[in-house]
1. Quick one: Karplus J couplings for segment 303-313, per residue in order, coefficients 6.51, -1.76, 1.60, θ = phi - 60°, nearest Hz, x for Gly and Pro?
2. Hey, if we sort Met270, Met371, Met242, Met149 by accessible area with the 1.4 Å probe, largest down, what's the order?
3. Consider a paramagnetic label point 7 Å from the Cα of Asn143 along Cα→Cβ; state which residues of segment 196-234 have an amide N under 19 Å from it.
4. Non-local amide H neighbours of Arg324 (under 5 Å, H modeled in plane, Pro and chain starts lacking H): which ones?
5. Mind giving me the FRET efficiency for Gln271 and Arg314? R0 is 35 Å, r the Cβ-Cβ distance, nearest 0.05 is fine.
6. Sorted by packing (mean other beta-carbon atoms within 10 Å per residue), highest first, where do 172-179, 250-257 land?
7. For segment 264-421, with all protein chains present and a 1.4 Å probe, just round the carbon and sulfur fraction of the accessible area to a whole percent.
8. Distance in nm between label sites at Ser173 and Ala282, each 7 Å beyond Cα in the beta-carbon direction?
Amino acid sequence: MSDLQKRWAKAKINAMAEFNEVDEEEENHPAPAPSPGPTTLPGGFAGHGTFAFMPELPENPHHDDDSSSASSSSVSSTGTVIPSPGRALFARPQGVPGGSGPGGGRSLDPIPWTTYFERDLFLPSAADPGVTHHAYLTSPVDNGPLFVMHHGAGSSGLSFALLSAEIRKRLPSAGILSPDARGHGATETAAEDAVDLSLPTLAADLAAVVRLAAREMGWDGLPPVILVGHSLGGAVVTDVAMSGVLGPAVLGYAVLDVVEGSAMDALQSMQTYLSTRPVGFATLRDGIDWHVRSRTVRSSVSARTSVPGLLVERGGGPRPWRWRTDLEATQPFWEGWFVGLSKKFLGAKGGKLLLLAGTDRLDTELTIGQMQGKYALQVFPEAGHFIHEDLPEKTAIALVDFYRRNDRSALVLPPKVSELLAQGKKV
């Protein structure tokens with residue numbers, strides 16, 4: 001062995017001995033546990049060919065339901081995502097900043113409507129003295145569009161609260177008008193009027209609310225209008241668009257998760273669904289909790305805003321919070337809401353948008369119409385029936401893009417031949 005090899009071998013042996021001493025010392029005097037804090041992955045390797053120490057991720061003792069729990073992931077400087085144990089990596093964010101429930105869990109406290117809307121209006125009906133329409137409004141500015149919403153059966157105008165905020169984020173000039181249908185929310189009706197929930201009546205009510213709101217706010221005519229309806233509301237806005245009662249102000253209409261074929265099929269099991277709902281709740285917070293846990297509404301933030309409009313405190317007993325709308329009493333109108341919906345949807349004037357939670361909901365007529373390019377279709381398979389509450393951000397993006405595609409003010413038309421001739425130009 002050469003002198004060079006001997007020196008190299010000796011240095012190697014000394015280094016190994018030194019390494020073992022360090023290991024023994026660490027065994028006898030372990031390093032203190034790292035203080036809790038954001039967990040990050042190391043950017044490289046440690047000195048002796050091993051990974052740098054990474055502390056164990058702490059368990060979170062407060063777990064939300066799968067549909068709405070927040071992801072407690074940490075992101076390192078190298079872009080690696082580490083999901084905390086017991087948490088879904090891609091779980092939907094929950095709660096509002098600073099909000100927390102008992103013990104630090106998900107908050108169930110109601111969120112006031114003033115968080116999302118500028119004002120609410122009480123509009124006495126000119127055609128029906130027994131009815132005073134109630135609507136939530138954020139006014140459009142600088143010639144912005146007005147998104148006119150209509151909720152589904154048993155819901156209220158507050159179901160569009162989160163969606164309205166997301167629309168305004170992307171289109172600050174937009175206005176939102178979200179009324180409560182008769183027999184729903186804070187709309188006031190005489191006893192005999194509340195039971196008339198036929199499609200023609202609801203469509204006439206929506207058109208009346210738009211006109212009354214414009215008069216109340218002193219608007220000079222109607223701004224550009226986009227009609228948006230969920231479930232039953234989809235049938236109502238389609239009927240309004242088909243009638244042309246609002247004139248050329250309507251640029252288009254969007255229908256959320258309702259088509260004629262699947263709606264008619266679903267009516268067969270409606271009574272079964274209603275029989276499984278609780279008759280009432282002990283507190284308003286219990287009502288919010290049920291909607292989230294049953295996945296009726298998959299976003300607890302939306303549930304905290306919309307559910308207070310669905311319940312009313314009546315009398316005493318262990319469950320004084322009862323449903324504001326008696327859906328079983330609306331059964332005589334169910335079939336009339338949806339018969340002929342697909343034909344009207346395809347035949348009305350204006351842009352057409354259909355947002356669904358699954359393509360299986362398309363019936364034959366709409367499938368053919370979609371293949372012919374008669375309307376725009378978007379599918380959100382991760383959402384439930386309440387697409388606009390489960391995915392307000394994605395729904396807002398779809399609606400704002402839909403408005404921009406149909407915005408007539410953005411069109412630049414070529415000059416007329418007569419104008420060119422009048423200017424002495426050759427054509």
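The values are calculated or read from the model by the stated rules, or taken from the named source; none is laboratory data. Nothing here was measured: the structure is a model prediction, and the numbers come from that model. Neighbour counts are summed over all protein chains in view; Cβ atoms, including those assigned to glycine, are modelled from backbone coordinates with ideal geometry. Accessible surface areas use protein heavy atoms only, side chains included; no ligands, DNA or RNA. Shrake-Rupley method; radii C 1.70, N 1.55, O 1.52, S 1.80 Å.
1. 4, 5, 8, 8, 4, x, x, 9, 10, 9, 7
2. Sorted by accessible area, descending: Met371, Met242, Met270, Met149.
3. 219-226
4. Those lying under 5 Å, H to H, from Arg324 are Leu311, Val312.
5. It comes out at approximately 0.95.
6. Final packing ranking: 250-257, 172-179.
7. 54
8. That separation, rounded to one decimal, is 5.3 nm.
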